[in-house]
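Accompanying notes for the structure given below.
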Amino acid sequence: MFSHYDRPRIAQLCEKAGLYVRALQHYTELPDIKRVIVNTHAIEPQSLVEFFGTLSREWALECMKDLLLVNLRGNLQIIVQVAKEYCEQLGVDACIKIFEQFKSYEGLYFFLGSYLSSSEDPEIHFKYIEAAAKTGQIKEVERVTRESNFYDPEKTKNFLMEAKLPDARPLINVCDRFGFVPDLTHYLYSNNMLRYIEGYVQKVNPGNAPLVVGQLLDDECPEDFIKGLILSVRSLLPVEPLVEECEKRNRLRLLTQFLEHLVSEGSQDVHVHNALGKIIIDSNNNPEHFLTTNPYYDSRVVGKYCEKRDPTLAVVAYRRGQCDEELINVTNKNSLFKLQARYVVERMDADLWEKVLNPENVYRRQLIDQVVSTALPESKSPEQVSAAVKAFMTADLPHELIELLEKIVLQNSAFSGNFNLQNLLILTAIKADPSRVMDYINRLDNFDGPAVGEVAVEAQLYEEAFAIFKKFNLNVQAVNVLLDNIQNIERAVEFAFRVEEDAVWSQVAKAQLREGLVSDAIESFIRADDMTQFLDVIRAAEDANVYHDLVRYLLMVRQKAKEPKVDSELIYAYAKIDRLSEIEEFILMPNVANLQNVGDRLYDEALYEAAKIIFAFISNWAKLASTLVKLRQFQGAVDAARKANSSKTWKEVCFACVDAEEFRLAQMCGLNIIIQVDDLEEVSEYYQNRGCFNELISLMESGLGLERAHMGIFTELGVLYARYRPEKLMEHIKLFSTRLNIPKLIRACDEQQHWMELTYLYIQYDEFDNAATTIMNHSPEAWDHMQFKDVAVKVANVELYYKAVHFYLQEHPDLINDLLNVLALRVDHTRVVDIMRKAGHLHLVKPYMIAVQSNNVAAVNEALNGIYVEEEDYERLRESIDLHDNFDQIGLAQKIEKHELLEMRRVAAYIYKKAGRWKQSIALSKKDNLYKDAMETASQSGDRELAEELLVYFIEKGKKECFASCLFVCYDLIRPDIALELAWMNKMIDFAFPYLLQFIREYTGKVDELVKDKIEAQNEVKAKEKEEKDVIAQQNMYAQLLPLALPAPPMPGMGSAPGMGGFAPPPPMGGMGMPPMPPFGMPPMSSF
């Protein structure tokens, strides 16, 4: 409520009165606040907490310290409450420091307990654990260590170990969650807290039992306790880490009882059996039996364990688990190559063979010796032998493989007659030692002859391959070796005569054909009765030009098959050897020849007589016509073309006739061509290129009468006339203008410079712009005035109008007005005037300008006005000014105001008046003594000052009559007092008296009119007031005649006035101009 008072004084009074809260609210200095705030016994805690919210951070911290310093126990709760409430403003770290400064772990515990759930700061979580531990809140320590994820595990673990709490569960939580199990075990064992060790292993985390056991062994714990601990967990205990921990400390036998117990329960865990096997091996209790009979242990793990103890046991373990790499390493390391060889042979694994036979294997030679001398001779399995052989082949050990195979195959063994091994021996010899191949071929019988022969061929052992094929009666393969590899055709022919097989002769024939011995090849094909290669034979015979032999071969082939190619080639061969009669006989017999293709081929190779026979037989009139043309039989060619009725054929025959100067036949053909629009131009160009102009024109003229004559013929004839007979061109155009391709003919006329005809075509084609341009550019030939006027009004390009004006100005100036009158509605008159002004012939188009002046164009008006000024025709000038105002009026007035002709100067004054320059107009009129014009100008100006100045001028000049006239002309402008004063002072009262009479009469009339208006207005007001009184009187009479209105029945609970019979008096009536009536103004009405 109050704000302007002495706050420190009021604070002191409040402090003396024990009102500490009010004192704190008024003190503004820290020492005063600290002095008052310690009186917590007399201050409500909630008010004190709220007061801390009004302090700054530094002052609040100082006050908190003072409160704790004065009474730590009594004020702790308040400080905790303040810290909780304002931790964000004060800062959590600052609050923690205050509690730590006074070693108030209880306050720290309560403060951090409220802040812990929202904080992820590891230091805060640790301090809370520390405070809880030091205040004896063990359950809270256990909960936080179990649930919190934010404290520092190492720091917390070290604190809990140093604190040595009676309950080890918090430490167990930390160590179990963060992997400090060995430290936990050591701590518990050192402090004789074995009960917690058993509880942790059995209930908390059995999975960490191996770590516990390992640490107990390190701490030299009694074995009985450890065994009991292990047996108490039993199946929950992870075996592998337990074995690992014991094995690291060489205390594996400690687990014997435990492992045997698991095995007796039926455990198949590999780690259990691995550990049991290691124990058996160490105790040497018949380990071979365990290694060969136990199906559960890991061979790789147990074998590794055996390597340093007994390598043979390691081999047994590795063999059982097929641990190839480990077995190879241990046998190489201990020189057990015989065991390695037996294992590799029995294993039959290609990857393993590849590894041991790798050239980088320094023990390869020792292994090969054992495989050859021991492992394979002992083996009775063909699969093992096959795998070994393949491995040697893959490893590219041919010499070692030959050595191996000779021992197996050539020396009487169980595999001597093996088909695959014999093949492999020969193939290996082919690859590694070719000198032995022929001996093996002769000694061995049970091998794959075709396959081995092909391999021999690939190895370029051709004689050996020939011997193999011959031994197995593979004559075709044998002769192929002679032909393709040994390349001896003579031996092949000799071999073919000896075996007399068609297939052999076919191979020989093919070889002869490849060598170019075509005749010999045909003979061999005939011996082989082989028609399969007829295409190659035909091609080779044509290349060698041996058509007589080809005819024999084709006749043989034709007996075996009906092939179109064969019959076609036979006809062609007959034609090549000029046996035309055989061709006629052959085509009359049944055949499958493609006569069309044969005929085309004969035609292409200029065998026209044979082609003529074929085309005539198959009725191919088009090709027959072409053939007859080649034979220069033109009449027959025309007849054939008529039957073919093809445009292409007609053109070919026509062009040939033109080249042969057979123009009659050419015209017959041409008439059938030009009716086709697409071919017309080609015929025309062909004739023209050979200079046959007259014949071409004759052909086109003949074509005009055809029933199928089209626009192209008429157009082409017009083009020809334009080029070669121009005298007929115009007549042709006028006769056939509707059937011409005008654009094409326009180009022709333009090229040949026929301007009159070109203009006519442009007009017919509605290209009036081009027509006008042509007329103007070539006027000596193309211009005609009437025609040009008709064209000019139809052009679309506006610029052509002005070009036409220039043209007529230069060549036909006498007709320019006629042209302009035609173009009047289309041209820009301003531009026309500019053109004529620049040319200096403006007078030439005066009739045109007079005709178009009605458009009120400035340029036209100014030009005509200028002409009128030059001609001093002031009447026409004044008329022009009155009718047409679009011109530079001031400029014209200035131009003629000094003209020597008075009427011209008067026109200038008139222009000034029209332009509103009243002073200049009046001055000019006064100068020329045109007083009437001056007075009219002053009157029209509406300027009182000008009118009065003119009066003064007339008085000065002594023009009394003009003075009197001016009073009446400027009657509305001149003030009466000025007029009378000037007249009286200059003794012209007589001349002003008519004006005075007029003025008095006018003003008297005005006064009378005003009086009359006032009287009429007063009468209207009185009539209106009387009318209103009459209306009010009528309304009062009507109200007195109305009956009283019945009142509404009284509402329940409301009494009626006494003496009123239950009715209330009616309300006074107001409105409608009537005064209110008194109640009961009428006699009372009887009740119902």
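The values are calculated or read from the model by the stated rules, or taken from the named source; none is laboratory data. Remember, it's a predicted structure, so these values are computed and weren't measured experimentally. Cβ: placed from backbone, ideal geometry, glycine included. Neighbour counts: every protein chain shown. These accessible areas exclude ligands, DNA and RNA; they are computed on the full protein's heavy atoms, side chains included. Shrake-Rupley method; radii C 1.70, N 1.55, O 1.52, S 1.80 Å.
Residue-by-condition table, conditions (1) at negative phi; (2) touching a residue at least 40 places away in the same chain (Cβ under 8 Å):
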{"residue": "Q322", "(1), (2)": "no, no"}
{"residue": "L327", "(1), (2)": "yes, no"}
{"residue": "V330", "(1), (2)": "yes, no"}
{"residue": "N334", "(1), (2)": "yes, no"}
{"residue": "V345", "(1), (2)": "yes, yes"}
{"residue": "E354", "(1), (2)": "yes, yes"}
{"residue": "V371", "(1), (2)": "yes, no"}
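Here's the yes/no breakdown for (1) surrounded by fewer than 19 Cβ atoms within 10 Å (Cβ to Cβ); (2) of a type in the set (A, V, I, L, M); (3) at pLDDT 75 or above; (4) outside any loop (DSSP other than H, G, I, E, B):
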residue	(1), (2), (3), (4)
F290	no, no, yes, yes
K333	yes, no, yes, yes
A341	no, yes, yes, yes
N358	yes, no, yes, no
Q366	yes, no, yes, yes
E383	yes, no, no, yes
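Apart from one condition, E44 fits all of (1) open to solvent by 70 Å² or more (accessible area, probe 1.4 Å); (2) closer than 27 Å to A163 by Cα; (3) at pLDDT 80 or above; (4) not hydrophobic (A, V, I, L, M, F, W, C); the exception is (2).
In the stretch 153-164, of all residues being surrounded by 16 or more Cβ atoms within 10 Å (Cβ to Cβ) and modelled with pLDDT of 85 or more, the one that is farthest from F102 (Cα to Cα) corresponds to P153.
Note on the stretch 70-81: among residues that are at pLDDT below 80 and open to solvent by 10 Å² or more (accessible area, probe 1.4 Å), the one that is farthest from Q101 (Cα to Cα) is G74.
Every residue, every condition in (1) of a type in the set (S, T, N, Q); (2) open to solvent by 70 Å² or more (accessible area, probe 1.4 Å); (3) at pLDDT 80 or above; (4) closer than 30 Å to R725 by Cβ, yes or no:
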| position | (1), (2), (3), (4) |
| --- | --- |
| M589 | no, yes, yes, no |
| A622 | no, no, no, no |
| L628 | no, no, no, no |
| N672 | yes, no, no, yes |
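With the condition kept exactly as written, say whether any residue in the stretch 191-199 is under 18 Å from D219 (Cβ atoms), open to solvent by less than 40 Å² (accessible area, probe 1.4 Å) and of a type in the set (A, V, I, L, M, F, W, C). Yes, the stretch 191-199 has at least one match.
Can you pull out the residues in the stretch 926-964 that are assigned to a helix (DSSP H, G or I), within 26 Å of E897 (Cα to Cα) and open to solvent by 50 Å² or more (accessible area, probe 1.4 Å)? Selection gives K926, K927, K932, E936, Q940, R944, E945, E949, V952, E956, K957. Considering the conditions (1) touching a Leu at 6+ places or on another chain (Cβ under 6 Å); (2) modelled with pLDDT of 80 or more; (3) buried (at least 23 other Cβ atoms within 10 Å of the Cβ), A804 is excluded by exactly one of them, (1). Across the stretch 642-655, a minimum of one residue is classified as assigned to a helix (DSSP H, G or I), under 60 Å from the mean Cα position of the chain (by Cα), surrounded by 20 or more Cβ atoms within 10 Å (Cβ to Cβ) and modelled with pLDDT of 80 or more.
Matching residues to (1) within 60 Å of the chain's Cα centre (by Cα); (2) modelled with pLDDT under 80:
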| position | (1), (2) |
| --- | --- |
| V551 | no, yes |
| A561 | no, yes |
| I571 | no, yes |
| A575 | no, yes |
| S581 | no, no |
| N594 | yes, yes |
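Here E120 fits the description: surrounded by fewer than 16 Cβ atoms within 10 Å (Cβ to Cβ) and either more than 25 Å from E85 (Cβ to Cβ) or touching a Phe, Trp or Tyr at 6+ places or on another chain (Cβ under 7 Å) (or both). Take A796 and tell me if it is modelled with pLDDT of 80 or more and outside any helix (DSSP H, G or I). Taking the combined requirement at face value, the residue satisfies it. Scanning the stretch 977-1034 for residues that are open to solvent by 100 Å² or more (accessible area, probe 1.4 Å), within 30 Å of L950 (Cβ to Cβ) and of a type in the set (A, V, I, L, M) returns a single hit, M985.
The selection criterion, being within 22 Å of P287 (Cβ to Cβ), in contact with a Leu (Cβ under 8 Å, 6 or more places away or on another chain) and open to solvent by 30 Å² or more (accessible area, probe 1.4 Å), holds for V316.
The number of residues in the stretch 777-799 that are open to solvent by 20 Å² or more (accessible area, probe 1.4 Å) and not charged (D, E, K, R) comes to 11. Could you grab me the full set of residues in the stretch 343-356 that are part of a helix (DSSP H, G or I), of a type in the set (A, V, I, L, M) and either closer than 18 Å to R320 by Cα or open to solvent by 70 Å² or more (accessible area, probe 1.4 Å) (or both)? V344, V345, A350, L352 - these are the residues of the stretch 343-356 that are part of a helix (DSSP H, G or I), of a type in the set (A, V, I, L, M) and either closer than 18 Å to R320 by Cα or open to solvent by 70 Å² or more (accessible area, probe 1.4 Å) (or both). What is the number of the single condition among (1) of a type outside the set (G, A, S); (2) loosely packed, with under 14 Cβ neighbours inside 10 Å; (3) within 27 Å of D93 (Cβ to Cβ) that K16 does not meet? Going through the list (1) of a type outside the set (G, A, S); (2) loosely packed, with under 14 Cβ neighbours inside 10 Å; (3) within 27 Å of D93 (Cβ to Cβ), K16 breaks only (3). Applying the criterion of being among the basic types (K, R) and outside any loop (DSSP other than H, G, I, E, B) to the residues of the stretch 295-313, the residue that is least open to solvent (accessible area, probe 1.4 Å) is R300.
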